[in-house]
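Inspection log for the structure reproduced underneath, given as structure tokens.
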Amino acid sequence: MSAFGGFWITLRTIFRRSFTQRYPQRGRELVTAPRYHGRHQLNRWPDGLEKCVGCELCAWACPADAIYIEAAANDDSERYSPGERYARVYQINYARCIFCGLCIEACPTRALTMTNEFKLADTSRAALRYDKDDLLAALSVGMVAPPHERLLGLDEQEYFAGLPPTGEPDKRIPSMDGRRPVETADARESRTKRSRGKGGE
């Protein structure tokens, strides 16, 4: 009876429309899920400085040993991140990467995230090694390409003190004269609510 049951399942499903796709189907690819783990991206702060501080926690968390980092020290004359260090060399070997996402969970600054891009196939293993320039997010409006001084505060403490609550986007506008960042109306309202909540406690 179990054999007939198995054949019945085969006959019942063999004529259904397939939901899988052959690759590539140019222009007809299915849209990936919002939380799909694709190519990595190194993010920036609103003033253009890199979020990566070269702590190497992502490399330690990687079970496939696919990430290689060399950190260097920042100074006021050549600053790439708001902290003390930045990633001078950042490489991901996609011939090794298993797209598990442990690296982005380990990142303390949300510098490393994963995009929906899945077309990573290539003709050589050397081409599957992505360097820092390949992974860095593009400069958005208002951002300035590093190296440059902090444009969201005079020092490191002020730079990070203006961060919005978890889950809210950072809408600060960089100040080109190195003074306090310009605060948007939404950010000002959010800060006021937080200060009122603390006062009520």
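Please treat every number below as a calculation from the coordinates, not as lab data. Because the structure is a prediction, the values reported are computed rather than measured. With ideal geometry, Cβ positions are generated from the backbone for all residues, glycine too; neighbour counts draw on all protein chains shown.
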When all Cα-Cα pair distances of the chain are considered, the percent exceeding 31 Å is 38 percent
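So between Ser18 and Asp155, what do we pick up on full extension, going 0.36 nm a residue minus the alpha carbon distance?
Fully extending the segment from Ser18 to Asp155 adds 43.6 nm.
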To the nearest 20 debye, what is the magnitude of the charge dipole of segment 1-45 about its Cα centre, counting +1 on the Cβ of each Lys and Arg and -1 on the Cβ of each Asp and Glu?
200 debye
Rounded to whole Å, give me the distance from the Cα center of segment 21-51 to that of segment 91-134.
11 Å
Would you work out the relative contact order for the chain, in percent, from Cα pairs under 8 angstrom that are 6 or more residues apart?
22 percent
Magnitude of the Cβ-charge dipole of the chain, K/R +1 and D/E -1, about the Cα centre, nearest 20 debye?
1360 debye
For the chain, can you list the cysteines whose C-beta has no other cysteine C-beta under 4.7 Å from it?
Cys52, Cys55, Cys62, Cys97, Cys100, Cys107
Label points 7 Å out from Cα along the Cβ direction at Thr32 and Cys100: separation in nm?
1.9 nm
Burial ranking of peptide ranges 5-11, 101-107 (average Cβ count within 10 Å, highest at the top)
101-107, 5-11
As I understand it, the value is the acute angle between the Cα axis of helix 185-200 and the longest principal axis of the Cα atoms of the chain; what does it come to in degrees, rounded to 10?
80 degrees
Quick one: which residues, 5+ away or cross-chain, put their amide H under 5 Å from the amide H of Thr115? H built at 1.01 Å from N.
Gly38, Arg39, His40, Gln41
What nm distance separates the two modelled labels at Asp122 and Leu139, each placed 7 Å from Cα along Cα→Cβ?
2.5 nm
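How large is Rg/Rh for segment 54-137, to two decimals, with Cα atoms and a Kirkwood Rh?
0.98
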Gaussian network model of the chain, Cα within-10 Å springs - most flexible of Asp65, Asp131, Asp122:
Asp122
Farthest toward the dipole's positive end in segment 1-99, which of Gly27, Asn43, Ala61, given Cβ charges of +1 (Lys, Arg) and -1 (Asp, Glu) about the Cα centre?
Gly27
Once both axes come from the Cα atoms, what is the angle between helix 2-13 and the longest principal axis of the chain, in degrees from 0 to 90, rounded to 10?
60 degrees
